[in-house]
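Before any comments, here is the structure.
Every number in this text was worked out from the coordinates using simple rules, so none of it is lab data. Predicted model only: the values in this text are computed from it and were never measured. Cβ placement follows ideal geometry from the backbone for every residue including glycine, while neighbour counts extend to all protein chains displayed.
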Ligand SMILES: Nc1ncnc2c1ncn2[C@@H]1O[C@H](COP(=O)(O)OP(=O)(O)OP(=O)(O)O)[C@@H](O)[C@H]1O
Ligand SMILES: [Mg+2]
């Protein structure tokens, strides 16, 4: 399979604290790669560097064969990198539909009927039909998470970065999310997915990356990674 993303030597320090140290990995087209790691491991910071919100101290990123290291957030979005936020960031005073319109317009560069069609499809995919006219700030928790995912999806991503959607959800809701993410992948997106819930990651991902202290402990088949003593020690406290 073709490589979508190549990360080489990615490093980030806040003052004296290294939050990412020399991170290397590749993601192939159509993969769902999970990211686990204890609180403060640097998972969200890694996403920030992929999306362009956090400027790395060193390292290179290449996306679909193009060096994107020095591209701004909106330039990466236009090339197809979209992310969700651990704490959803909708425009609370706008409806679900209009939130998605913003994403489709500025993220995917769509307009007119094409934008409307894509938004309607995104709403159907994410099960938000009932809420299309609801103000985003008024959505219940699970729906807010679906909406956060929908906003990223409305950008028509080639690479979708999901930062913890399963926390606080019931098993059934988590299963729905897994189905949804698989569906998104089958529609043509590659996915990197941060989640603390190990069972979700084992079920949902093709490969798993374990981070700790800003370093990649391991990346590989989910069940293999989880069995490694260093992962057990750092992540599961075993
Ligand atoms: N802007 C910043 N300035 C200073 N330190 C920061 C900044 N952003 C993150 N950090 C620190 O970097 C470390 C990694 O944070 P990050 O949010 O990437 O962790 P995480 O793996 O996503 O954790 P969690 O599982 O809690 O979401 C933490 O120690 C955090 O306090
Ligand atoms: Mg985080």
For a label point 7 Å from the Cα of residue 230 along Cα→C-beta, name the residues of the range 9-40 whose backbone N is under 11 Å from it.
-> none
Treating the angle as unsigned and between 0 and 90°, give the value, to the nearest 10°, between the Cα long axis of helix 171-186 and the longest Cα principal axis of the chain.
-> 90
Please work out, to two decimal places, the log10 of the ratio I(q)/I(0) at q = 0.09, 0.17 Å⁻¹ from a Debye calculation in which every Cα of the chain carries one identical scatterer.
-> -0.36, -1.29
Provide 23, 162, 194 in ascending order of the number of other Cβ atoms located within 10 Å of each residue's Cβ, fewest first.
-> 23, 194, 162
Just grab the label-to-label distance for residue 170 and residue 79, each label 7 Å out from Cα along the Cβ direction, in nm (one decimal).
-> 4.3
Within the range 48-76, find all residues whose amide N lies under 17 Å from a label point positioned 7 Å from the Cα of residue 22 along Cα-to-beta-carbon.
-> 57-60
With a 10 Å Cβ neighbour count serving as the proxy for reagent exposure, in which order, fewest first, do 51, 189 appear?
-> 51, 189
With a point put 7 Å past each Cα toward its Cβ, work out how far residue 72 is from residue 117 in nm, to one decimal.
-> 3.1
Calculate the spin-label point distance for residue 106 paired with residue 29, positioning each point 7 Å from the Cα along the beta-carbon direction, and give it in nanometres.
-> 3.0
Computed E for residue 129/residue 57 - FRET, C-beta separation, R0 45 angstrom, nearest 0.05 | 0.50
Assertion target for 14, 25, 47, ordered by fewest C-beta neighbours within 10 angstrom first, is 14, 25, 47
Which angle between 0 and 90 degrees, to the nearest 10, do you get for helix 112-125 versus the longest principal axis of the chain when only C-alpha atoms count?
-> 60
Please report how far the C-alpha centroid of the range 4-69 lies from that of the range 124-183, rounded to the nearest whole angstrom.
-> 24
Could you work out how far helix 141-153 tilts from the main Cα principal axis of the chain, as a 0 to 90 degree angle to the nearest 10?
-> 90
